[in-house]
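The values are calculated or read from the model by the stated rules, or taken from the named source; none is laboratory data. Here the structure is a predicted model, which is why all the values come from computation and not from measurement. Heads up, the Cβs are rebuilt from the backbone with ideal geometry, glycines too, and the neighbour counts pull from every protein chain shown.
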Amino acid sequence: MDCFLIGKFSLDNGEKRKTQHSKGMELLYKGLREFYAEPEPEKFLIEKTETGKPFFSDKPEYNFNISHSGEHCAVMISDKICGADVEEIRNFPKRVLKRICTDEELEYLSSLPEEEQKAARWMLWTLKESYVKAVGKGLSFGMKNISFEALPEITASICKAEKSFYLKREDMEHIEHNLGDFYIFFDGDICVSFCLANFSMDC
């Protein structure tokens, strides 16, 4: 069973990073208790890979990923490799687009009406981040190495967005299988993408 969680909380003055971390962990433990019937998930041992991706060293049956932005956090739990990214909606610098988007993606964005471009930019950004976090490469991995293409209709039930995407291309040599499923949540205030991979990787 795959678990998707999105939460909102109040930030303590001067303790933003600490609060974000603790709220993300609370949401992770909540998911493990309520969806997987784990009575004491706080006792699970958390370690990190060489690239900094956290994992349960004593519970390999659970993969998880946590993301936070401002007062929001997102958590994904699965038996598969997974990644999550949440972003609070704000102005998206155009210079960043040229750094992370392929020519095909930029062409797609420019074809949209102005009022739709803002949402699509954040969808592409969170999709790419969720994938990079899933494979555990970190943000040093070039975002242009992966390319998404818009689908005409929504294919995932979690979507609240007007667009759905699939991963069109990747340039990572170790990937040999179907890259998996991507889910988008967009409500105008936040954009969240979850990546559920169909491949395995050694920690």
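What the table below lists for this structure:
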read-out: Residues satisfying the stated conditions in segment 109-138, i.e. polar (S, T, N, Q) and surrounded by fewer than 20 Cβ atoms within 10 Å (Cβ to Cβ); value: Ser110, Ser111, Gln117
read-out: Among the candidates Asp85, Asp58, Asp103, residue that is of a type in the set (Asp, Glu) and farther than 16 Å from Phe148 by Cβ; value: Asp58
read-out: Within segment 1-48, tally of residues that are within 18 Å of Cys73 (Cβ to Cβ) and part of a helix (DSSP H, G or I); value: 22
read-out: Members of segment 49-105 that are assigned to a loop (DSSP other than H, G, I, E, B) and under 16 Å from Glu129 (Cα atoms); value: Thr51, Gly52, Lys53, Ile81, Ile89, Phe92, Cys101, Thr102
read-out: The listed residue being farther than 23 Å from Leu196 by Cβ and of a type in the set (Phe, Trp, Tyr), out of Phe35, Phe44, Phe9; value: Phe9
read-out: Any chance Glu87 is within 20 Å of Ser140 (Cβ to Cβ), surrounded by 17 or more Cβ atoms within 10 Å (Cβ to Cβ) and of a type in the set (D, E, K, R); value: yes
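Here is a yes/no grid of residues against (1) in contact with an Asp or Glu (Cβ under 9 Å, 6 or more places away or on another chain); (2) among the aliphatic types (A, V, I, L, M); (3) modelled with pLDDT under 95; (4) outside the structural domain of Phe185 (by TED's automatic domain parsing):
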position: Ser10; (1), (2), (3), (4): yes, no, yes, yes
position: Lys16; (1), (2), (3), (4): no, no, yes, yes
position: Leu32; (1), (2), (3), (4): yes, yes, no, yes
position: Glu38; (1), (2), (3), (4): no, no, no, yes
position: Phe44; (1), (2), (3), (4): yes, no, no, yes
position: Glu50; (1), (2), (3), (4): no, no, yes, yes
position: Phe56; (1), (2), (3), (4): yes, no, no, yes
position: Pro60; (1), (2), (3), (4): no, no, no, yes
